[in-house]
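Nothing in this text is a laboratory measurement; each read-out follows from the coordinates by a stated rule. Nothing here was measured: the structure is a model prediction, and the numbers come from that model. Methodologically, a virtual Cβ is constructed for each residue, glycine included, from the backbone with ideal geometry; neighbour enumeration extends over all protein chains shown.
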Amino acid sequence: MNTPYAVEIDSITKAYGAFKAVDNVSLKVNAGESFALIGPNGAGKSSIIKMLTTLSQPTSGSAKVAGFDIATQSSDVRLNIGYIPQLLCADGALTAWENLLLSARLYRIPPSEHKDRISEVLEAMNLADVAQQSVRGFSGGMIRRLEIAQSMLHRPRVIFMDEPTVGLDPAARNTVWKHVRRLQEEYKVTIILTTHYMAEVEELCGRLAILHRGKIVGEGTPAAIKSDLGPQGTLDDIFERLARNDDEEKAGKENYRDIGRNRRSLAKRG
Ligand SMILES: Nc1ncnc2c1ncn2[C@@H]1O[C@H](COP(=O)(O)OP(=O)(O)O)[C@@H](O)[C@H]1O
Ligand SMILES: [Mg+2]
């Protein structure tokens, strides 16, 4: 990589008509880092992921992923990334092995390497025992692990996960986390994930950006964000406050900084 950054976003905007789903966002993520994009529904998280994975084009601005420009080097970007979309995408009619074989062909992995690569990722995601079973009988957590396995086959440098544990029960969520940590520790992959779960950020990510109405309204380590909120502050507080603002249609009057200020003055008052 000719840049130390796994992801480098420079003033990117995505507009649908007059509406800006992503509004002039800039962001840098180091290679090997795990980074979370959090924010209420509609904040623009998936829109950012779609641009970075070359599935949609920015209206303005630019970005590099694994050192490649998303607009001018999109096929290089695709070869170097894994993508786990928000909606489940494994084919239920096929076995886990067959799903992986499809991905191996999609990524143009030489047929002579199929068996070894598929066995490796099945092992890494703890699915070797169920490789020949139809995915229709899998739990949500198993399907997510299969999708992570699919995204790893071509040994990407950056993996994007859009709400990887949404809809999973806490036990399944924990298993997925355990396997994501394995990706981080053993495969040293850069992970960009979006989530609603603050526990997920604290469990998996070194840094996060808080997105609200297409703009980054806070960025830092989970600990720094929490200390901004005062001693009793949690990441959930920011999230709830931003969501409430949306409900009451008064966003903008109270931004992330104000929330921190309010929390701190509340803490002082005891
Ligand atoms: N294809 C599209 N056409 C029009 N509006 C869209 C489209 N995709 C997303 N949006 C809008 O952009 C905003 C951000 O959406 P999205 O990026 O999916 O947010 P998030 O993933 O944070 O929930 C939402 O208001 C959504 O309705
Ligand atoms: Mg989304």
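Observations on the model:
- Euclidean distance between Cα centres, segment 138-173 to segment 46-97, Å: 15
- Tilt relative to the chain, helix 235-247 - C-alpha long axis, 0 to 90 degrees, to 10: 70
- Mean separation of Cα pairs under 8 Å and 6 or more residues apart, divided by the residue count, gives segment 5-220 a relative contact order of 30 percent.
- Both the radius of gyration and Dmax for the chain are 19.3, 68 Å, in that order, over alpha-carbon atoms.
- Label-point separation, Ala93 to Asn174 (7 Å along Cα→Cβ), nm: 3.7
- Taking amide H as placed 1.01 Å from N in the peptide plane, the amide H of Gly82 sits under 5 Å from that of Val158, Ile159, Phe160, each at least 5 places away or on another chain.
- Per-residue ellipticity at 222 nm, computed for the chain from helices alone with -39500 (n - 2.57) per DSSP H run of at least four residues, works out to -12500 deg cm²/dmol.
- Cα gyration tensor shape for segment 145-230, rounded if a/c is under 1.5, else prolate or oblate: prolate
- Most to least packed among 39-49, 25-35 [average Cβ atoms within 10 Å]: 39-49, 25-35
- Over 30 Å between alpha carbons, listed pairs Lys14/Lys178; Lys45/Lys115; Lys20/Lys178; Lys28/Lys226; Lys28/Lys178; Lys20/Lys188: Lys14/Lys178; Lys45/Lys115; Lys20/Lys178; Lys20/Lys188
- Charges were assigned to the Cβ only: +1 to each Lys and Arg, -1 to each Asp and Glu. The resulting dipole of the chain about its Cα centre is roughly 540 debye.
- Protection-proxy order for peptides 126-138, 69-81, each taking the mean of Cβ atoms within 10 Å per residue, highest first: 69-81, 126-138
- Sequence-distant contacts, meaning Cα pairs under 8 Å at least 6 residues apart, place the relative contact order of segment 38-122 at 16 percent.
- Distance distribution P(r), segment 54-107, all Cα-Cα pairs, bin width 10 angstrom from 0: 20, 40, 28, 11, 0 percent.
- Label zone at Glu185, where the point sits 7 Å out along the Cα-to-Cβ direction: segment 125-145 residues whose backbone N lies under 16 Å: 125-126
- Here segment 31-117 is treated with +1 on each Lys and Arg Cβ and -1 on each Asp and Glu Cβ, and its dipole about the Cα centre works out to around 100 debye.
- On the beta carbon distance between Ser227 and Ser74, with R0 = 35 Å, the FRET formula returns roughly 0.30.
- Within the chain, percent of DSSP bridges classed antiparallel, to nearest 5: 55
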